[in-house]
Amino acid sequence: MQDEDAQGSTTAPRRLCWGGGALLLTACSGPQSVLDPAGRDAEVLAVLFWWMLGGAVLLWLAMNGLFFYVTRMKERAFSPQAADRLIVFGGVVFPTVVLAVLLSFALSEMPRQRDLGEGLTLRVTGESWWWRVEYRTEDTETPVISANEIRLPAGSRSELELAANGYIHSLWIPALGGKTDLIPGRETRMSLEPVTPGEYGGQCAEFCGESHAKMALRAVVLPPEEFAAWLEQQAAPATPPETETARRGQAVFLREGCGACHAIRGLGARGTIGPDLTHLGGRRTLAAGVLPMSRAALEDWLRAPEAIKPGVRMPAYGHLAAADLAALATFLEGLK
Amino acid sequence: MEKARHTSLWQMIAAPIVWAVHFCAVYAWTASACAHAGAAEEARLGVALMTLAALGLIAVFAWRAWRQWDLLSENDHVHDAPTDGHRRRFLGHAGLLLSMVSAIGVSFVAAPAFYIGSCL
C-alpha cells in the first residue's frame with residue numbers, strides 16, 4: 001500500500017511532464033503556427049528562432065556545466081591568474097564573440113523581409129472588429145473589395161498596405177510572416193511571399209477593444225492561375241438570387257436597410273460602413289474568422305451579432321419573422 | 001594637467017559619452033534621412049561616417065586611459081589605496097575597460113545599417 005502510494009506520487013509529475021511536453025509539441029504544427037512556415041518570410045523567422053534557441057541551449061548547458069564543474073567536480077581555489085583569465089575570456093571575449101555572431105546572423109536574414117511586392121497590392125484596413133481588404137493589380141482599374149479573408153498567389157511577393165480606422169490593430173498570419181501594426185492616420189506596410197498553397201489562420205495581434213480576440217482572419221494561398229481566376233470572379237458583380245427563398249431574402253435585405261452599411265455590387269446596395277457582401281458565401285468564415293460560413297451560422301449572426309461579437313456595430317435582427325430570417329440567410333449564403 | 005587627473009571623472013566616462021551621442025545621432029539621422037528623402041544610401045553613408053568618427057574618438061580616449069592606467073611601469077592592477085596615484089590609475093583602468101565596451105556598443109548599433117540596405 002505504502003509502495004503504491006510512493007510510486008503514484010513519483011509517476012504523477014512525470015506523466016504531467018510528458019503530457020505537457022506532448023501538448024507543447026502539438027502546438028508546433030498546424031495552420032497558425034510560427035514553427036510550421038508556409039511562406040518565405042515565416043521560414044526566415046523560424047530559422048532565426050531555431051538558431052537562437054540552439055545558441056541559448058548550448059550557452060545554458062555550458063554555464064551550468066561550468067558551475068557543476070567548479071562546485072562539484074573540482075572544488076579548489078583558483079590562482080589569481082586563472083581567475084583573471086576566466087573573467088577576461090569567459091566574461092568579455094566569449095560573450096562579445098557569441099553576441100556578434102548571433103547579431104550578424106539575425107541581421108543578415110532581415111533584408112529579405114523588407115523586399116517590395118511585385119505586382120499584386122493588397123490594402124488591409126483594420127476596422128472594429130474586422131478587416132477591410134482591397135486588391136489591386138496592374139490590370140485592375142478599381143480595386144476589388146472584400147473582407148476578412150486574404151488570398152494570395154503562391155510563389156510571388158505581394159505588397160500589403162496597412163491602415164486602420166479608429167483603433168490600432170496588428171496583422172499577423174504566423175504561417176506566412178511576421179506581424180505589423182495597423183495605425184490610424186498612418187500607412188504601414190509589409191510584404192509576404194507565400195510558398196505552399198493552403199489555408200492559414202491569422203489574428204489581430206494588438207489589443208484593440210472588446211472583440212479583439214474575435215478579430216481573426218483566414219489566409220488562403222492559391223496557385224497563381226487559380227488566384228487569377230478567383231480575383232476575376234471577385235471583381236464581377238453578385239449573381240442575382242435564383243430560388244424563391246433567396247429572392248425573398250433579397251427583398252428582406254433591401255426592406256431592412258442593410259444596404260446602408262453593406263455593399264452588394266450589382267444588387268443596388270452600396271454601404272461602406274460594414275464588410276462588402278458581394279461574394280460573402282464564397283468566403284471560408286463569417287464575422288472575421290469567428291464562425292463557419294453556413295446558413296445556420298448566418299442566421300445566428302443575424303439574430304444576435306452582439307452575443308457572438310461583443311461591441312459589434314451591426315444591430316440585431318432577431319425581431320424578424322423566422323421565415324424572413326431564414327430567407328435572408330439563404331440569400332446571403334448564395335452570394336458566392 | 002596630468003596631476004589633476006585623479007580628481008576628474010571625465011576621462012573615465014568620455015568613451016561611454018561618445019557611444020551615447022553616436023546612438024542618438026545615428027537614430028536621428030536615419031529617421032530624418034529616410035522620412036524626408038527616403039534616401040537609404042545617404043542614411044547608410046551617414047551612419048558609416050559617424051561610426052568611424054565615434055570609433056576613432058573612442059580609440060583616442062582608450063589610448064589616453066591606457067597611459068593613465070600606467071600598467072606596464074608598475075605591473076599591478078590593484079588600486080585600492082587612498083592616494084592620488086591609485087585614484088588616477090584606477091580611473092584610467094576603468095576608462096580603458098569602458099572604452100572597450102563603448103567600442104562594442106557603437107559597432108552593434110551600426111550593424112543594422114551594414115546589413116539592411118533600405119529605409120523600409
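The values are calculated or read from the model by the stated rules, or taken from the named source; none is laboratory data. Since we're looking at a predicted model, the values are computed, not measured. Here the Cβ positions follow ideal geometry from the backbone for every residue, glycine too, while neighbour counts run over all protein chains shown.
Inspection of the range A:257-271 finds a residue satisfying the criterion of being at pLDDT 95 or above, buried (at least 21 other Cβ atoms within 10 Å of the Cβ) and in a loop (DSSP other than H, G, I, E, B). Applying the criterion of being β-branched (Val, Ile, Thr) and under 15 Å from the mean Cα position of the chain (by Cα) to the residues of the range A:104-150, the residue that is nearest to B:LEU120 (Cα to Cα) is A:VAL124.
So in the range B:65-120, with the set limited to residues that are small (Gly, Ala, Ser) and surrounded by fewer than 19 Cβ atoms within 10 Å (Cβ to Cβ), which one is farthest from the other protein chains (Cβ to nearest Cβ)? Once the filter is applied, the top-ranked residue is B:GLY85.
If we only count strands (runs of 3 or more DSSP E) wholly inside the range A:101-216, which ones have 2 or more residues that are within 14 Å of chain B (Cβ to nearest Cβ)? Once the strands (runs of 3 or more DSSP E) in the range A:101-216 are filtered for at least 2 residues that are within 14 Å of chain B (Cβ to nearest Cβ), what remains is A:158-164, A:188-192.
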